[in-house]
Amino acid sequence: MQRYFGKLDDQGNIILLEEDIFHVIKVMRARVNDLLEVVIDEQVILASIHNLHPFSLKVVERRHEDRELKGLITLYSAMPKGDKLDWVLQKATELGVSRIILLSSKRTIVKVDEMDKPKKIIRYQKILKEASEQAKRTKIPLLVDILDFSFIEKASGDIKLIADEDVAGKTTGFMQILKKIIPGQSIDILVGPEGGFERSEVKTAVSHGFQTISLGKRILRSETAVINLLSIISFMMEGGEQNGHL
């Protein structure tokens, strides 16, 4: 069943974005009495189409779903080039990331002009919304901003990790860190651009509490490293919920 994010007006009516209404009517070819899911304030509402023109919905059922990770994951990602960023945003959302901060580092190829930034952020937010709907999430990840690398100095997660190709090899250290994570903790993960971080940037991250980790013996592309790291952490967090630890 198709899922959308909406809100309630002052009269308690469900309101969808115009582009979502277009999708319901023209793409999904929905009809009166068809059902869809609307997430409002993290609650899932099963709604039926009451009218198409003007478009209106009526509540059928309210549901509680537990689909979010038991912990806040913030991704600090140096911006990859081309459409790789779209892919990173989509897959990171599917894997449960809570916040995303895009970084401009010394080796970042993509340079975003301040004049173009608002339009790009709007497009990135749309990707996050659509990925959240596809993944049946009840939250849309927060895209904080596109910022300079120095912003990592403000990272405040309980655990802070940086994928460092210079320590590629055994993953024992990373596994030891994962075993100590407690559900509910916040985790900051930092992934570099094509070519990785410069050593001075790694040293800066370490001086502000980031721990260097290896993702294995092979050197991964930037976008692959993001998905690998998030996959491992989200899997461990969800697996640890049953026993109260990871």
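The values are calculated or read from the model by the stated rules, or taken from the named source; none is laboratory data. Since the model is a prediction, treat every value here as computed from it, not as a measurement. Positions of Cβ are generated from backbone atoms using ideal geometry, with glycine treated the same way; all protein chains shown enter the neighbour counts. Side chains included, ligands, DNA and RNA excluded: accessible areas come from the protein's heavy atoms. Shrake-Rupley method; radii C 1.70, N 1.55, O 1.52, S 1.80 Å.
See the values below:
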item	result
Residue selected from segment 1-42 under the condition of a type in the set (S, T, N, Q) and free of Cβ contacts under 8 Å to residues at least 40 places away in the same chain, by the criterion farthest from residue 65 (Cα to Cα)	11
Qualifying residue in segment 97-118 (condition: of a type in the set (A, V, I, L, M), within 17 Å of the chain's Cα centre (by Cα), over 14 Å from residue 77 (Cα atoms) and at pLDDT 95 or above)	no
Breaking point among (1) open to solvent by less than 90 Å² (accessible area, probe 1.4 Å); (2) in a strand (DSSP E or B); (3) more than 28 Å from residue 226 (Cα to Cα); (4) not basic (Lys, Arg), for residue 50	(1)
Search result, residues across segment 8-39 that are in contact with a Ser or Thr (Cβ under 9 Å, 6 or more places away or on another chain) and of a type outside the set (Asp, Glu)	13, 14, 32, 33, 35, 36, 39
Set 76, 4: member being hydroxyl-bearing (Ser, Thr, Tyr), under 30 Å from residue 236 (Cβ atoms), out of contact with any Pro (no Cβ under 8 Å at 6 or more places or on another chain) and open to solvent by less than 30 Å² (accessible area, probe 1.4 Å)	76
Evaluation of residue 173 against (1) of a type outside the set (Phe, Trp, Tyr); (2) more than 18 Å from residue 74 (Cα to Cα); (3) assigned to a loop (DSSP other than H, G, I, E, B) (one fails), failing number	(3)
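Each row is one residue, and each column tells you yes or no for (1) in contact (Cβ under 8 Å) with a residue 60 or more places away in the chain; (2) open to solvent by less than 40 Å² (accessible area, probe 1.4 Å); (3) touching a helix residue (DSSP H, G or I) at 6+ places or on another chain (Cβ under 7 Å); (4) assigned to a strand (DSSP E or B).
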position: 56; (1), (2), (3), (4): no, yes, no, yes
position: 59; (1), (2), (3), (4): no, no, no, yes
position: 119; (1), (2), (3), (4): no, no, no, no
position: 122; (1), (2), (3), (4): no, no, no, no
position: 126; (1), (2), (3), (4): no, no, no, no
